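Since the structure comes first, as structure tokens, the remarks are kept for the end.
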Amino acid sequence: MNVRYTYESKLCCSCGACEGICPKGAISLKIDANGFFKPEINEDRTYAVEIPKT
Ligand code: SF4
């Protein structure tokens, strides 16, 4: 799941699931300029996962 891509592609429905399931607590929903909840990512809490090539 790529939260940033989902939001920037206007696919986010502000459900808050990403905030609830992130094991690092890296996502929090904030109200944007239009009054909608927007997932914000705390980059200090994120980590990269490498997918092995097959
Ligand atoms: S709030 Fe998070 S989980 Fe829900 S649609 Fe937006 S990006 Fe996806």
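The values are calculated or read from the model by the stated rules, or taken from the named source; none is laboratory data. Because the structure is a prediction, the values reported are computed rather than measured. Please note: Cβ atoms are built from the backbone with ideal geometry, for glycine as well, and neighbour counts cover all protein chains shown.
At a glance:
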{"read-out": "Neighbours by Cβ (under 6 Å, 6+ apart or cross-chain): first from region 1-27, on the phi < 0 side of the Ramachandran plot and more than 7 Å from the ligand (Cβ to nearest atom); second polar (S, T, N, Q) and in a loop (DSSP other than H, G, I, E, B)", "value": "Ala26/Asn42; Ala26/Thr46"}
{"read-out": "Matching residues, region 9-28, being polar (S, T, N, Q) and either in a helix (DSSP H, G or I) or surrounded by 11 or more Cβ atoms within 10 Å (Cβ to Cβ) (or both)", "value": "Ser14, Ser28"}
{"read-out": "Single match in Thr54, Thr6 (criterion: surrounded by 10 or more Cβ atoms within 10 Å (Cβ to Cβ) and either at pLDDT below 95 or part of a loop (DSSP other than H, G, I, E, B) (or both))", "value": "Thr6"}
